[in-house]
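The values are calculated or read from the model by the stated rules, or taken from the named source; none is laboratory data. Since this is a predicted model, take the numbers as computed values, not measurements. Neighbour counts run over all protein chains shown; Cβ positions are idealised from the backbone, glycine included. Only protein heavy atoms, including side chains, enter the accessible area calculation; ligands, DNA and RNA are left aside. Shrake-Rupley method; radii C 1.70, N 1.55, O 1.52, S 1.80 Å.
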Amino acid sequence: MKVASKWAVAAWLVLVIACSIVVARASFTTDISAFLPRSPTPGQQILVEQLRDGVVSRLILIGLEGGSPAKLAQASRQLAATLRQDGNFVAVGNGDDAVAPRDRDYLWRNRYLLSPAVTPERFSVVGLRSRLEENLGLLASPAGPLVRRMLPSDPTSELLEIVEQLEGQSRPASRNGVWFSPDGGRALLVAQTRAAGYDIDAQERALAAIRAAFARTGGESGFTLRMSGPGVFSVASRASIKGDALRFSLIATVLISLMTLAFYRSPRVLALSLLPVATGAIAGVAAVSLGFGAVHGITLGFGVTLIGEGVDYAIFLFTRARKDVPPHQVLDRVWPTLRLGVLTSICGFSAMLFSGFSGLAQLGLFSVTGLVAAAVVTRWVLPHLMPAGFSATAVTTLAPVAMAALHAARRWRYLLLVAVMMAAAFLALQRGPLWSDELSNLSPVSQADQALDRQMRKDIGAPDVRHLVVIGAPDEESALQASERAVEVLRDALRKGWLEGHDAPSLYLPSRQAQRARQAALADIPDLRGNLRQALEGLPYRSEIFEPFLKDVREAATMRLLDRTSLEGTNFALKLDTLLVRRGDGWAAMLPLRGVSDVAAIARGVEGLPGARALLLDLKGESDRLYAGYRREALAHSLAGAAAIVVLLYAGLRSGRRVVAVLAPLVVAVLVTTAVLSAFGQLSIFHLVGLLLVVAVGSNYSLFFDRQIEPGPETERTVVSLLFACVSTIIGFGLLSFSSVPVLHAIGAAVGLGAALALACAAALSRAKASA
């Protein structure tokens, strides 16, 4: 090996070692904020915060099925008791008798601080008499036994007032003392994980703990465990993506390796053909780690597919190698064309580097670095590692077939015009939008699992997760006060039929200001006993039965104000943690809405609250707008990249006619691929990434067919190398089109079809030499 060769190999080894050290120290994340715009709207910021670390993202809905209600209830209690001892969870609710009495006790003991109806007027002679007369009617109703028990201590019906507030919330049905679905076929539990929702590893451990606890309780009884929620979906999605990517990658690697081994008949060449891709992958991960501080899982998962083009570079070298020509001379001949192809690919992927979404910028940096590394290894390392005198003898066998296919493609060139016209007409006549702006369309969660989640949320009484009032405040007390003002607006909307129900943190924990006002209302009563005596005149009550009422009012006027610790041990604690959260340096009150029919009217009411930073969010709309922003920006940058490719081609080819000739096959391939994909549904941002890769791969084919085709061994080897590279690409990406994961399916379908069309179009539009 010459000195220059040794230096090239040594430099490559140093690069690989250095990149490996960086990769070994790199941190990997699945944090959704990597795909948050750098200048997000307030709604997008809140959306991503809730997806990352909101309490809702920590909730796991659990269902037990397959037994009688009595047995399911017993299993529910056992499972809840086990999980409450597990450190993975901060709260587990199932409506059981162990907690329900605490809920009732909390409401009863604190009714005078919780009830918004507590005012001095309510305890006046007129106010007391009005409530006592109403109670007379209730005593004769089916609720009579309950009213008779509460009357001596609560003649003003404060508990009923509180319950009426909470009746706006849909709550689970109860059987045998625990929560059940309405049909009694499923016992229900809700678990809140200690870890944040974005911590998928921790969510996976929590799910494993639930399964282990179920196996010890209900598993032996033949019950079925159902789980749903953001954490369940995140874990399942990661496993699905990882499983499909690994499975199809292994299959593709085996198939391509077998084909490569059969074609080159050299294990050494097989190993060498993988060096550019492996080097590109390591260099890409290292670059992202150094540039962004952490590598996002999506970048790692999908970036590897984007440097699949790197395998083509080795194929172009090995297939064109001849015994009588040194490898470096082979590359000297092909390098100008290959270099231009690499540069056009870099232009395409560089468009993502300027994305306002750091996740897409990571993807761009990974791809560009990987392509450069793969090209450099092919140019300066592989020629020095090739076996001496290597030549792919299979070229002689495949050359007649490849040349026959080339001549046939030229005869079909006029069909391209028909295909382009049909594709353009199909796209122009589409009634709906070409691109989907709904993030839900990319969900790898099956329709059955999504249906189960909707049903369990409905059964458990979870609020509509679409509409949410968010109120920002500097501290917890201010947030609660703003929540109370918003509740008044929502009550008015409820009366007008603009919504069916709402929830609010102040329903479970009033602000200290409101509690003090209610205590002051009780303390300001000059003579409650005298007022009660006058109110009872002419009514069939004995005054002495209301001594507990007088005692409770006196105690409530001086009792300790409620705070978060007052709710410990109740189901209301979980509610409060969900609805009142710390956000940055401040606090936020969350008021979920249910059955919204007039969004604009409610928004005007809550967003016009004085002294509050209130916002009515349509979470589905925000998520769709967030995704639409990804897509629009990616499309804009792709067009900018396409313009850069045109400029680069003109600078390299110095001929407008040749630029058009190179671009024409790519335009046809992208147009027809887009039409075919859109026939099966709307396109997503990952279809766009796939189309970018079609341009990257196809530019190599088109550039090699740019010059006039002359008969001879050199042409035969070129055509065979292009055919071999295309088949490898189709295998690698085409397999992904069979994935059940929408992201992998989109990229695989686009690249598999587009690469085949790009080669076919480039061959069909190639020019044969007119004369010798």
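Listing for the model above:
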read-out	value
Only listed residue being out of contact with any helix residue (DSSP H, G or I) (no Cβ under 9 Å at 6 or more places or on another chain) and at pLDDT below 95, chosen from PRO548, PRO505, PRO540	PRO548
When residues of the range 268-290 are limited to those that are open to solvent by less than 40 Å² (accessible area, probe 1.4 Å) and over 29 Å from the mean Cα position of the chain (by Cα), the one farthest from ALA388 (Cα to Cα)	THR279
All positions within the range 110-125 that are more than 41 Å from the chain's Cα centre (by Cα) and assigned to a helix (DSSP H, G or I)	ARG111, TYR112, LEU113, PRO120, GLU121, ARG122, PHE123, VAL125
Scan of the range 210-244 for residues that are assigned to a helix (DSSP H, G or I), at pLDDT 90 or above and open to solvent by 50 Å² or more (accessible area, probe 1.4 Å), ordered by number	ARG211
Members of the range 128-137 found to be in contact (Cβ under 8 Å) with a residue 40 or more places away in the chain and surrounded by 16 or more Cβ atoms within 10 Å (Cβ to Cβ), listed by number	LEU128, ARG129, LEU132
Some residue of the range 650-658 being crowded, with 21+ Cβ neighbours inside 10 Å and either in a strand (DSSP E or B) or touching a residue at least 24 places away in the same chain (Cβ under 8 Å) (or both)	no
Candidate set from the range 529-545 (those that are among the hydrophobic types (A, V, I, L, M, F, W, C) and either open to solvent by 20 Å² or more (accessible area, probe 1.4 Å) or touching a strand residue (DSSP E or B) at 6+ places or on another chain (Cβ under 7 Å) (or both)); member that is nearest to ARG129 (Cα to Cα)	LEU539
Selection status of LEU522, under 30 Å from LEU579 (Cα atoms), at pLDDT 90 or above and buried (at least 20 other Cβ atoms within 10 Å of the Cβ)	no
Residue within the range 323-340 that is surrounded by 24 or more Cβ atoms within 10 Å (Cβ to Cβ) and in a helix (DSSP H, G or I) present	no
Of all residues making up the range 729-744, the number that are under 24 Å from LEU258 (Cα atoms) and either surrounded by fewer than 24 Cβ atoms within 10 Å (Cβ to Cβ) or within 22 Å of the chain's Cα centre (by Cα) (or both)	9
Residue list for the range 170-191, filter: surrounded by fewer than 18 Cβ atoms within 10 Å (Cβ to Cβ) and assigned to a loop (DSSP other than H, G, I, E, B)	ARG171, GLY177, PRO182, ASP183, GLY184, GLY185
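Residue-wise test of (1) touching a residue at least 12 places away in the same chain (Cβ under 8 Å); (2) open to solvent by 40 Å² or more (accessible area, probe 1.4 Å); (3) not basic (Lys, Arg).
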position: LEU363; (1), (2), (3): yes, no, yes
position: TRP380; (1), (2), (3): yes, yes, yes
position: LEU385; (1), (2), (3): yes, no, yes
position: ARG410; (1), (2), (3): yes, no, no
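Each row is one residue, and each column tells you yes or no for (1) more than 24 Å from ALA351 (Cβ to Cβ); (2) touching a residue at least 12 places away in the same chain (Cβ under 8 Å); (3) of a type outside the set (S, T, N, Q).
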position	(1), (2), (3)
LEU666	no, yes, yes
GLN682	no, yes, no
HIS687	no, yes, yes
GLY712	yes, no, yes
GLU716	yes, yes, yes
PHE733	no, yes, yes
HIS745	no, no, yes
GLY752	no, yes, yes
ALA763	yes, yes, yes
